[in-house]
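The values are calculated or read from the model by the stated rules, or taken from the named source; none is laboratory data. Predicted model only: the values in this text are computed from it and were never measured. We place every Cβ from the backbone using ideal geometry, glycine too, and count neighbours over all the protein chains shown. Accessible surface is based on the protein model in full, side chains and every heavy atom, while ligands, DNA and RNA are left aside. Shrake-Rupley method; radii C 1.70, N 1.55, O 1.52, S 1.80 Å.
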Amino acid sequence: MSTELRFEQEGPVGRITFFSPNGINLLSIPLMASLEAKLREIITLPELRVLILTGEGRTFIAGADIAEMSTAPGDEGRAFSQRGQRCMNMLTKFEHCVTIAAINGPALGGGAEVALACDLRVMSEEATIGFPEVKLGLIPGWGGTQRAFALMGPARARRMLFTGEPLNGGAACEFGLVNEVVAANDLIPTSERLARQILANGPGAVRLAKRVFCTEETSWLEKGLAGEAEAFGEAFVGEEAREGLKAFLEKRAPIWRGQYA
């Protein structure tokens, strides 16, 4: 059941919604291509000043499509990571448009990376956010290691990345990973309220403020992302990832072998 996206625009506010027939949204290669193409289109809309990203159904984005990943050749890991990083960077570097992630349900793995690439994050009380990649013998590969570190600091980012355990809304807000936690029914209204507050300000000033953040982020992010892609590629080609992905699809605990088992 493939996940798709739709784009809606009302004046200066746009919304991208991820949806799938079973309500469990997954980031597949076709969806990544659709997202990148839509973002390239949005860049050409100068009247758009705020972009909200959210999910429809039970999840925001539950992660990457594991079945798809399990059939990919091991030597494609680095390219897979770089493709995702490019798409996340487009979200981060929108100079004319502030991005808000409205996290309606689990935002895991690649879903968490989409949320962290946005400028602001509003989270439902029922949602969780996390990086379970280590449970599959992998690491985040689309900027998650770098952005989690920048937002939470080293101690909390290490705990999150090393344990693979997700955070609930309260912990995510306390740790600085999200800006607000609200009741599920208030998620979109709160995101739209933030949009109105942004729209009430000088568009040039908001654009300049975002440019400053983008310039500062670029100075440290590029080196970190290169290292992340290298490490993801190393993990993806290894036996651990093959076992982790297979175990996930077979709904069993992985059997770790080798030097560190």
Working only within the range 65-104, note down all residues that are touching a Lys or Arg at 6+ places or on another chain (Cβ under 9 Å) and of a type in the set (A, V, I, L, M, F, W, C).
Met88, Met90, Phe94, Cys97, Val98, Ile100, Ala101, Ala102, Ile103
Could you give me the residue pairs with C-beta distances under 6 Å whose first residue belongs to the range 204-233 and is closer than 24 Å to Gly77 by Cβ, whose second residue is open to solvent by less than 40 Å² (accessible area, probe 1.4 Å) and in a helix (DSSP H, G or I) wherever it lies, and which are 6+ apart or on separate chains?
Leu225/Gln85; Glu228/Thr145; Ala229/Ser81; Phe232/Gly77; Phe232/Ser81; Gly233/Gly77
Which one of these does Ala150 not meet: (1) touching a residue at least 60 places away in the same chain (Cβ under 8 Å); (2) in contact with a Pro (Cβ under 9 Å, 6 or more places away or on another chain); (3) over 20 Å from Glu234 (Cβ atoms)?
(2)
Do you know which of the residues in the range 5-27 that are open to solvent by less than 30 Å² (accessible area, probe 1.4 Å), of a type outside the set (Gly, Ala, Ser) and not in a loop (DSSP other than H, G, I, E, B) is modelled with the lowest pLDDT?
Leu27
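Pick from the range 139-164 the residues that are under 16 Å from the mean Cα position of the chain (by Cα) and not in a helix (DSSP H, G or I): which of them is surrounded by the most Cβ atoms within 10 Å (Cβ to Cβ)?
Result: Trp142.
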Looking at Leu53, Leu91, which one is within 14 Å of the chain's Cα centre (by Cα), assigned to a helix (DSSP H, G or I), under 22 Å from Ile129 (Cα atoms) and hydrophobic (A, V, I, L, M, F, W, C)?
Leu91
Quickly run through the range 127-136 and pick out the residues that are open to solvent by 10 Å² or more (accessible area, probe 1.4 Å) and in a loop (DSSP other than H, G, I, E, B).
Pro132
Restricting attention to the range 28-41, which residues are within 17 Å of Cys97 (Cα to Cα) and surrounded by fewer than 18 Cβ atoms within 10 Å (Cβ to Cβ)?
Glu36, Ala37, Lys38, Arg40, Glu41
I'm trying to understand the selection: among the residues of the range 71-110, which are open to solvent by 40 Å² or more (accessible area, probe 1.4 Å) and among the small types (Gly, Ala, Ser)?
Ala79
Please work out if Lys246 is over 30 Å from Ser124 (Cβ atoms) and in contact (Cβ under 8 Å) with a residue 12 or more places away in the chain.
yes
Taking Thr59 and the conditions (1) free of Cβ contacts under 8 Å to residues at least 60 places away in the same chain; (2) over 16 Å from the mean Cα position of the chain (by Cα), which numbered condition does it fall short on, given that it satisfies the others?
(2)
